[in-house]
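To keep things clear, I will list the structure first and then write my remarks on it.
Read the figures in this text as sums done on the coordinates, not as results from a lab. Since this is a predicted model, take the numbers as computed values, not measurements. Cβ atoms come from the backbone with ideal geometry, glycine included; neighbour counts cover every protein chain shown.
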Amino acid sequence: MPLNRWDPHNALARLEQDLGNAASHAHGPSVTTTRDGDDLVITVEGVNPSDVHVEVSGGRLTIKGQSGSSTSQSQDFGGGHFSSSSSSSSSFSKSFSLPAGVDQSDVSTERAGSGVKVRIHNAA
């Protein structure tokens, strides 16, 4: 049985493409992946960090959440007051395999602008 070595560069490129495709199809958040030394960093923009859940289980990392926006507008016109509001939301979820030896303690999250960063320590 051949032994395949995990290549972080290929995995990162695949992850970025998969997450980008999923996000664009769902009109959801913007997702980018980068490498920072030996760490892999996944940045999810356009979400409230409190709406993002990250889980590591069984050698897989899963990022789930919701994104949305709402607008309201009001104006006075011709002696009357008019108002309107609209909102939209979408949910997203992405899972991928982690290299051997990565567990929950190797994953951290932090606020990043209008979203969240998920850092996988020593994964590259």
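Quick notes on this one:
- Stretchable slack from residue 38 to residue 62, in nm (0.36 nm times residue separation minus alpha-carbon distance): 6.6 nm
- Modelled FRET efficiency - R0 30 Å, residue 90 with residue 5, Cβ distances, 0.05 increments: 0.25
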